[in-house]
C-alpha cells in the first residue's frame, strides 16, 4: 500500500512458515529506505491493508487474531481492534468513505461486515468456500469475493446479504479490482493463468488475456484507468496492461516472485 502523495509505502510483515510476523514496515519512497517499523504487539499475521480517507489510519487484517486493526501511522498507535471472530480474515475491502470494512474469512467460508467507526462486527455472510480475494464498490452496495476452493467469484448484496455468482471456472481468482469509473472488474486467475475483464453492472465477460507461464497475481490501476499493472510471479515482471485494448504493452523487471503491486505518480528527485 502507498499513501496518496506517493511518499510512503506500507508493507504488512506476515511472516513465513512457523514464524508469524507482527509489524508494519514504512518505506521512504523518495530515499528508497526503511523509515521505521510499527510493532503490532501480540497481533500476528498482518496481511490485507487499506488506507482510510486522509491516509493517517490504515485498516490491517491480523489473521491469527481474527481481527482488523485501525493503526495510526504517525504514532504507531492501534486506535481500534475490530474482531471478526472468523478464521483466516486475510484480506480487507473498505468503502470510499472509510466507514465500513469487509473481510474474506478463508477458514470460516464467510465474509464479515465491520463498522470501522464504532469498531464492531455487524454480521457475517456465508459464501463459497475459501474466500480470499475481496473488494467493495465505493458506494458500499456490492462486495465481490473470490472462492479459492470453487473457482467462483460471487457478489454479496450489502443491503440484503444475498449472494449471487458473477463468474466461475477460475483456478484461483486471486484478486478483484474495480476500474476508477467502477464499470469494469479485472480478475487475475493465478492457477488458470489469465486475466478476465467483466462488465460490473451486467457481469458479462468483456474479454480475457491468456497468460501461460506467467502466474498473474497483484493488480492495480493508474488513476486514469487506461492502464493496469499486473504482477507475473513466475516471470518476475510487472506487466502494463492496456485495459481498453486488453493487451500487454510493456513488461517491467521486478525481481523474483512479485505479488502485491502499487502505483504512484510521485517521482523522487534524482540524486
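The values are calculated or read from the model by the stated rules, or taken from the named source; none is laboratory data. Note that the structure is predicted; figures quoted are calculated from it, not measured. Every residue, glycine as well, gets a Cβ built from its backbone with ideal geometry; the counts of neighbours run over all protein chains shown.
Within segment 262-269, can one find any residue that is within 19 Å of the chain's Cα centre (by Cα), more than 19 Å from residue 93 (Cβ to Cβ) and in contact (Cβ under 8 Å) with a residue 60 or more places away in the chain? Outline the logic, then answer.
Let us first name the residues in segment 262-269 that are within 19 Å of the chain's Cα centre (by Cα), namely 262-264.
Filter once more, so that each one left must be more than 19 Å from residue 93 (Cβ to Cβ): 264.
From what is left, the residues that are in contact (Cβ under 8 Å) with a residue 60 or more places away in the chain are 264.
Yes: one or more hits.
Check 177, 195 and return the single one that is under 26 Å from residue 236 (Cα atoms), buried (at least 22 other Cβ atoms within 10 Å of the Cβ) and in contact with a strand residue (DSSP E or B) (Cβ under 8 Å, 6 or more places away or on another chain). Spell out how you get there, then give the answer.
On the way: 177 fails: buried (at least 22 other Cβ atoms within 10 Å of the Cβ).
Of the residues listed, the single one that is under 26 Å from residue 236 (Cα atoms), buried (at least 22 other Cβ atoms within 10 Å of the Cβ) and in contact with a strand residue (DSSP E or B) (Cβ under 8 Å, 6 or more places away or on another chain) is 195.
When segment 113-139 is examined, which residues are found to be over 18 Å from residue 165 (Cα atoms) and either surrounded by 19 or more Cβ atoms within 10 Å (Cβ to Cβ) or within 15 Å of the chain's Cα centre (by Cα) (or both)?
113, 114, 116, 121, 138
Suppose we filter segment 136-164 for residues that are in contact with a strand residue (DSSP E or B) (Cβ under 6 Å, 6 or more places away or on another chain) and either without any contact (Cβ under 8 Å) to a residue 12 or more places away in the chain or in a strand (DSSP E or B) (or both); how many remain?
The total comes to 13.
Among (1) surrounded by fewer than 22 Cβ atoms within 10 Å (Cβ to Cβ); (2) assigned by TED's automatic domain parsing to the domain that holds residue 100; (3) not in a loop (DSSP other than H, G, I, E, B), which single condition is residue 229 missing?
With respect to (1) surrounded by fewer than 22 Cβ atoms within 10 Å (Cβ to Cβ); (2) assigned by TED's automatic domain parsing to the domain that holds residue 100; (3) not in a loop (DSSP other than H, G, I, E, B), residue 229 is out only on (2).
Among what's in segment 98-112 and is assigned to a strand (DSSP E or B) and touching a residue at least 40 places away in the same chain (Cβ under 8 Å), pick the residue that is surrounded by the fewest Cβ atoms within 10 Å (Cβ to Cβ).
So in segment 98-112, the residues assigned to a strand (DSSP E or B) come out as 100-105, 110-112.
Then keep just the ones that are touching a residue at least 40 places away in the same chain (Cβ under 8 Å); that gives 100-104, 111.
Details: 100: 19, 101: 27, 102: 27, 103: 32, 104: 31, 111: 30.
Ranking the candidates gives 100 first.
Would you mind telling me which numbered condition in (1) part of a strand (DSSP E or B); (2) outside the structural domain of residue 253 (by TED's automatic domain parsing) residue 208 fails?
With (1) part of a strand (DSSP E or B); (2) outside the structural domain of residue 253 (by TED's automatic domain parsing) applied to residue 208, the lone miss is (2).
Could you pull out every one of the strands (runs of 3 or more DSSP E) wholly within segment 1-96 that has 2 or more residues that are free of Cβ contacts under 8 Å to residues at least 24 places away in the same chain and within 24 Å of residue 107 (Cα to Cα)? Quick ask: steps written out before the conclusion?
On the way: elements: 8-16, 19-28, 33-39, 46-51, 57-62, 67-72, 78-83, 89-94.
Hits in segment 1-96: 8-16, 19-28.
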